[in-house]
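Structure first, then comments.
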Amino acid sequence: MIVLGIDPGTAITGYAFIEERGQALRALDYGVVVTAAGEDPARRLQIIYQELSVKIAAFRPHEAAVEELFFCRNVTTAIAVGQARGVAVLAAANAGLPVAEYTPLQVKQAVVGYGRASKEQVQFMIKSILGLREIPKPDDAADAMAVAVCHIHAAPMRGLG
């Protein structure tokens, strides 16, 4: 099974394609979609949608998982991130993928075993779980990997594994 993990953001959206074979997990691809701050907001959303759609077509995942927007002090930022999240979910849905949502607490719990783990602890565990030589960069890509791993670990609870 291949899972697409998404860490949504307007400036940077992280993505990761993680393959599960038996008990082994491996990263097929990961990275970020970057949009320029001065770009028209509608164009930024279009870029996120288009780039994710191309990646989805190339890797043909079976399912997608996205991090939930948990809170934001700045309402304008929250709306923008919500829009980016929406186009990311739309790209997955248009490809026929079921989309699961996880809170940051759930992701940390699934990856580290502790819901209040630091970003560094999550990154270290992602490196270890996926057998990577180094911690994946940038942070948004590592976060997307963690969302995908969370989804895979949650499969038994969803009755899929």
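The values are calculated or read from the model by the stated rules, or taken from the named source; none is laboratory data. Just so you know, these numbers come straight off a predicted model, no measurement behind them. Methodologically, a virtual Cβ is constructed for each residue, glycine included, from the backbone with ideal geometry; neighbour enumeration extends over all protein chains shown.
A residue that is of a type in the set (A, V, I, L, M, F, W, C) and more than 13 Å from the chain's Cα centre (by Cα) occurs nowhere in the range 139-149. Those helices (runs of 4 or more DSSP H) of the range 86-161 that lie entirely within it include none in which at least 3 residues are surrounded by fewer than 16 Cβ atoms within 10 Å (Cβ to Cβ), touching a strand residue (DSSP E or B) at 6+ places or on another chain (Cβ under 7 Å) and among the aliphatic types (A, V, I, L, M). Taking (1) more than 12 Å from the chain's Cα centre (by Cα); (2) crowded, with 18+ Cβ neighbours inside 10 Å in turn, residue 83 satisfies each apart from (2). Please verify whether the range 93-104 includes one or more residues that are modelled with pLDDT of 95 or more, farther than 25 Å from residue 21 by Cα and more than 14 Å from the chain's Cα centre (by Cα). Yes, the conditions are met somewhere in the range 93-104.
Would you confirm whether or not the range 57-72 contains a residue that is in a helix (DSSP H, G or I) and either buried (at least 18 other Cβ atoms within 10 Å of the Cβ) or aromatic (Phe, Trp, Tyr) (or both)? Let's see the steps before the verdict.
Within the range 57-72, the subset in a helix (DSSP H, G or I) is 57-59.
Right, trim to either buried (at least 18 other Cβ atoms within 10 Å of the Cβ) or aromatic (Phe, Trp, Tyr) (or both) and you get 59.
Within the range 57-72, one or more residues are in a helix (DSSP H, G or I) and either buried (at least 18 other Cβ atoms within 10 Å of the Cβ) or aromatic (Phe, Trp, Tyr) (or both).
Considering the conditions (1) at pLDDT below 95; (2) in a loop (DSSP other than H, G, I, E, B); (3) touching a helix residue (DSSP H, G or I) at 6+ places or on another chain (Cβ under 8 Å), residue 80 is excluded by exactly one of them, (2).
Select, from 63, 67, the only residue that is of a type in the set (D, E, K, R) and at pLDDT 95 or above. Step through it out loud before you land on a result.
Numbers: 67 fails: at pLDDT 95 or above.
Sole residue among the options that is of a type in the set (D, E, K, R) and at pLDDT 95 or above: 63.
Go through the residues of the range 23-37 one by one and say whether even a single one is within 20 Å of residue 107 (Cβ to Cβ), under 14 Å from the mean Cα position of the chain (by Cα), surrounded by 19 or more Cβ atoms within 10 Å (Cβ to Cβ) and free of Cβ contacts under 8 Å to residues at least 40 places away in the same chain. Looking for residues that are within 20 Å of residue 107 (Cβ to Cβ), under 14 Å from the mean Cα position of the chain (by Cα), surrounded by 19 or more Cβ atoms within 10 Å (Cβ to Cβ) and free of Cβ contacts under 8 Å to residues at least 40 places away in the same chain, one finds at least one in the range 23-37, hence yes. Taking the criterion of being farther than 22 Å from residue 95 by Cα and β-branched (Val, Ile, Thr), the only residue of the range 8-61 that qualifies is 35. If we scan the range 103-114, do we find a residue that is under 17 Å from residue 147 (Cβ atoms) and touching a Ser or Thr at 6+ places or on another chain (Cβ under 8 Å)? Within the range 103-114 (the criterion being under 17 Å from residue 147 (Cβ atoms) and touching a Ser or Thr at 6+ places or on another chain (Cβ under 8 Å)), the answer is no, since none of the residues qualifies. Please go through the range 45-85 and give me each residue that is closer than 12 Å to residue 8 by Cα, free of Cβ contacts under 8 Å to residues at least 60 places away in the same chain and in contact with a strand residue (DSSP E or B) (Cβ under 8 Å, 6 or more places away or on another chain), ordered by number. Matches in the range 45-85: 48, 52, 68. Tell me, yes or no, whether the range 1-21 has at least one residue that is buried (at least 24 other Cβ atoms within 10 Å of the Cβ), touching a residue at least 24 places away in the same chain (Cβ under 8 Å), outside any strand (DSSP E or B) and in contact with a strand residue (DSSP E or B) (Cβ under 7 Å, 6 or more places away or on another chain). Yes - at least one qualifying residue is present in the range 1-21.
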